[in-house]
Amino acid sequence: MVEDCILVEAKVSRSKGEIVYSVDCSSELTNEEFEYYLEEIIKGICNWKPGVCQERVKSIKGKISKKK
């Protein structure tokens, strides 16, 4: 990854007329941490655009807390 402070990065872009996505994560993350951060990102998107996730989100905060 380009910056040391980035733990998980997701991108959607256009390439040669197609919509493509990529997800990168720090090599320091375990699979469990990576899954947790992705889940928290999805919860944040559902809070931002509730129609996308209708009944999936019960509550959300803007900050990801450290995994216990």
Requested in this report: For residue 13, indicate whether it is touching an Asp or Glu at 6+ places or on another chain (Cβ under 9 Å) and modelled with pLDDT of 85 or more.
Outcome: no
Query raised in the report: Limited to segment 4-22, what total is found for residues that are exposed (fewer than 10 other Cβ atoms within 10 Å of the Cβ) and out of contact with any Lys or Arg (no Cβ under 7 Å at 6 or more places or on another chain)?
Result: 11
Report task. Give the number of residues within segment 23-65 that are farther than 23 Å from residue 12 by Cα, at pLDDT below 90, within 15 Å of the chain's Cα centre (by Cα) and surrounded by fewer than 11 Cβ atoms within 10 Å (Cβ to Cβ). Result -> 2
Requested in this report: Identify all residues within segment 8-21 that are under 14 Å from the mean Cα position of the chain (by Cα), over 20 Å from residue 52 (Cα atoms) and not charged (D, E, K, R); write none if there are none.
Outcome: 8
Requested in this report: Evaluate the following for residue 21: is it hydroxyl-bearing (Ser, Thr, Tyr) and assigned to a helix (DSSP H, G or I)?
Outcome: no
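The values are calculated or read from the model by the stated rules, or taken from the named source; none is laboratory data. Model, not experiment: these values are computed from the prediction. As a convention, Cβ positions derive from the backbone with ideal geometry for all residues, glycine included, and neighbour counts pool all protein chains shown.
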